[in-house]
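Working notes for the structure below.
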Amino acid sequence: MRIRFLFWVVGLLAAHGEKCLGGSFENVAPQAGLTHEHYPSDRVPLMGIQAFMAGGAAAVDYDNDGWTDLYFTRLDQSDLLYRNVGDGTFEDVTTRTFGHRHLASVHTNGCAWADIDNDGDQDLYVTSLRSNRYYLFINDGQGSFSEEAQVRGASLLGSDLHYGFSASFGDYDNDGFLDIHVNEWRSAEQNLTRSPSNTKLLRNRGALAPGHFEDVTAAAGVLMEPPMGESMAFSSRFLDLDFDGWPELLAVSDGGTSRLFWNNRDGTFTDGTRAAGVGTDQYGMGMAVGDFDADGDFDWFITSIHGHNGGDGNRLFRYDGNRRFTDVTDQSRVRIGGWGWGCSFLDYNNDGNLDLMMVNGMNGVADDMSLLWRNMGGGVMSQVNFFEGITDSRIATGTLTLDYDNDGDVDLLVVNNGHKPILYRNNTTARMDWLQVKAVGTRSNRDGVGAIVRLYTNGSDVPLSRFVDGGSNFLGQNERRVHFGLGELTHSIAKLEVTWPSGRVQRLYDILPNQVLTITEPPPQPLSLTRLSMLEGRPYPTWSCPPDSRCLLEVSEDLYSWRKAAVIEARGHEVSWHDRETLRGLKRFYRAWY
């Protein structure tokens with residue numbers, strides 16, 4: 001039966017033009033200069049199970065030269081920043097940028113990059129294990145960083161021992177500045193003081209104090225406090241799933257505690273996990289979010305454990321609209337993944353369908369091979385890692401996607417716990433077209449995180465849908481450029497539509513493929529207030545506007561920090577809005593743009 005199945009898979013791949021020997025991917029880490037170890041495999045530098053879960057990396061263009069660089073966390077030595085030289089190799093610039101012995105005495109784990117102060121360069125957040133604080137490094141734009149977590153309210157300093165994992169960025173309150181969600185996995189035995197979990201939502205204070213943060217976890221309604229002092233969260237992501245203009249918070253957490261929090265548009269969230277049909281993963285660890293079935297919305301894949309501890313495997317939830325998901329794990333054949341950790345959707349062969357990569361493994365458990373599923377169309381997945389050159393079978397934790405050589409196809413990075421990393425260069429030879437998009441926000445956050453990008457290859461088809469991601473796969477942060485595989489395109493791209501977090505919609509037409517396209521959010525045009533009346537005791541402002549325009553309405557309490565209140569499609573020459581959220585006696589200011 002196994003032989004028959006093998007012949008079937010080989011025949012299937014051959015029928016679709018895939019290379020069955022050698023494959024699309026080749027490990028080029030040694031040639032690229034990525035030769036460090038996460039820690040020496042003969043000496044575990046940290047007591048506790050977290051040592052075997054650790055190993056993070058993040059892709060970033062920290063110096064804005066157009067080439068994607070790499071940052072690695074380590075348990076027993078300095079973290080590493082590798083600058084992409086542009087010739088297929090990387091150089092270690094850690095000391096030059098961060099100083100001597102950067103975090104060498106800290107057991108670092110999660111890492112994520114974002115422009116937290118909207119100054120045009122990337123800042124770095126780092127979590128750690130068995131410590132009492134985390135770290136935030138501010139980029140000066142000249143090639144150096146300074147550590148400022150404590151003064152900026154992001155260190156989570158406490159007397160209890162922290163066990164930090166992934167960190168993610170997103171603008172949950174739509175004020176144009178990126179907030180942070182940070183995750184912690186800590187057993188009750190490691191929390192003898194029964195301190196609150198260090199899984200936190202940190203709000204960026206925005207225009208009043210750019211890049212400074214306050215803990216709003218409880219106030220926002222996103223506490224994840226399992227019983228008995230445990231803290232089980234591994235990875236998270238902000239994304240507007242229901243397309244109402246406000247991003248949700250997706251949190252993957254161990255022991256059946258994964259959560260989906262719907263954004264209430266007022267700075268708070270509602271736990272909608274059960275009603276949405278998700279949260280059934282037993283040992284949720286990593287996540288990937290993408291439109292795997294190409295129907296225009298975003299689906300949710302979660303790694304878990306299969307075959308150990310009674311684990312029943314991964315989950316793939318298809319979004320059906322109306323805040324509901326359907327479990328299509330078995331239908332898509334992605335349940336069995338060993339002891340799963342990081343994962344990511346990617347279009348590795350540029351055929352327009354999102355494929356799926358996951359890594360796995362655990363100390364004391366039989367080796368798991370990293371898995372790659374090819375999307376055969378319509379969301380049907382076929383496991384092809386062996387045929388495509390994905391051969392890693394060590395304990396792999398973090399993984400991420402990037403195009404490190406700027407050749408238009410997606411490469412893969414794998415972090416091996418206690419060993420050297422793998423850089424899988426994509427060597428796909430079939431001619432397939434592509435487009436990459438770099439988003440630059442103006443009214444939205446500078447990184448454009450949360451922007452939804454829809455690509456139409458002709459005037460009437462269902463678009464390819466992607467988003468600008470500030471999240472975490474599980475100790476791995478993907479390159480931020482949005483990638484589209486286009487298959488064999490015989491004409492220009494008909495339309496590209498960007499829905500910015502601000503609510504503005506930008507459209508570009510007749511775009512040539514096979515390029516990196518930078519799209520800058522257009523500056524807003526202010527509308528004139530024509531009247532301000534009261535309706536049912538609440539303000540009712542009206543603005544003049546061009547007919548058939550999309551109008552962004554904003555509110556403020558102090559004339560410094562503004563946030564999106566509504567986006568309204570104007571049908572006539574005026575647009576009005578009833579502010580039903582105003583508290584009586586509270587000062588409130590309004591402005592509108594188009």
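The values are calculated or read from the model by the stated rules, or taken from the named source; none is laboratory data. Keep in mind it's a predicted model, so treat the numbers as computed, not measured. When we count neighbours, we look across all protein chains shown, and the Cβ atoms used for this are built from the backbone with ideal geometry, even at glycine. Surface areas here come from the heavy atoms of the whole protein model, side chains and all, with no ligands, DNA or RNA. Shrake-Rupley method; radii C 1.70, N 1.55, O 1.52, S 1.80 Å.
Work through the residues other than ASP347 whose Cβ is under 12 Å from its Cβ and net out their charges, Lys, Arg +1 and Asp, Glu -1. Intermediate values should be presented prior to the final figure.
On the way: positive: ARG374, ARG466; negative: ASP291, ASP351, ASP355, ASP403, ASP409, ASP433.
Local charge sum for ASP347: -4.
Each DSSP beta bridge with both residues in the chain is either parallel or antiparallel, and the antiparallel ones are about 95%. Computed in the context of the full set of protein chains, the accessible area of region 328-462 at 1.4 Å probe radius has 48% of its extent on carbon or sulfur. Exposure check, 1.4 Å probe, all protein chains in place: CYS545 carries approximately 10 Å² of accessible surface. Counting only protein heavy atoms and using a 1.4 Å probe, the accessible area of PHE90 comes to about 20 Å².
Per residue, the solvent-accessible area of the chain (1.4 Å probe, heavy atoms of protein chains only, all protein chains present) comes to 38 Å². Using θ = phi - 60° in the Karplus curve 6.51 cos²θ - 1.76 cosθ + 1.60, the 3J(HN,Hα) couplings for region 140-153 round to 8, x, 10, x, 9, 10, 10, 8, 9, 4, 5, 6, 9, x Hz; x is entered for Gly and Pro.
Counting only lysines at least 8 places from LYS495 when in the same chain, those with an alpha carbon closer than 23 Å to its own are LYS438. Sorted largest first by accessible area at a 1.4 angstrom probe radius, with every protein chain in place, the residues LYS564, LYS420, LYS200, LYS587 fall in the order LYS587, LYS420, LYS200, LYS564. Using alpha-carbon positions, what is the distance between the centroids of region 426-500 and region 338-407, in Å? First find each Cα centre; the distance between them is then 20 Å.
In whole percent, and with a 1.4 Å probe on the protein chains, what portion of the accessible area of region 151-291 is carbon and sulfur?
Numbers: 2340 of 4390 Å².
Whole-percent figure for carbon plus sulfur exposure: 53.
The HN-Hα couplings worked out from phi for region 513-529 by the Karplus form 6.51 cos²θ - 1.76 cosθ + 1.60 (θ = phi - 60°) are x, 6, 8, 8, 9, 8, 10, 9, 4, x, x, x, 9, x, 9, 8, 6 Hz, whole numbers, x standing for Gly and Pro. For HIS162, the amide hydrogen comes within under 5 Å of the amide hydrogens of ARG130, SER131, ASN132, ARG133, counting only partners 5 or more places away or on other chains and with H modelled in the peptide plane.
Taking only protein heavy atoms and a 1.4 Å probe, the accessible area of region 519-594 is 53% carbon and sulfur. Could you tell me which of rounded, prolate or oblate describes region 398-497, using a ≥ b ≥ c as the square roots of the eigenvalues of the alpha-carbon gyration tensor, with rounded for a/c under 1.5 and, failing that, prolate when a/b is larger than b/c and oblate otherwise? Since a/c reaches 1.5 but b/c is at least a/b, the shape of region 398-497 is classed as oblate. Based on the alpha-carbon gyration tensor of region 76-158 and its eigenvalue square roots a ≥ b ≥ c, which shape applies: rounded if a/c is under 1.5, prolate if not and a/b is larger than b/c, or oblate? It is oblate, given that a/c is not under 1.5 and a/b is not larger than b/c.
For LYS200, which lysines qualify as cross-link partners when the Cα separation must be under 26 Å and same-chain residues fewer than eight apart are set aside? Result set, ordered by chain and number: LYS564.
For GLU581, the solvent-accessible surface computed with a 1.4 Å probe is close to 130 Å², ligands and nucleic acids excluded. Shape class of region 269-393 from the alpha-carbon gyration tensor: oblate, with a/c at 1.5 or above and b/c at least as large as a/b.
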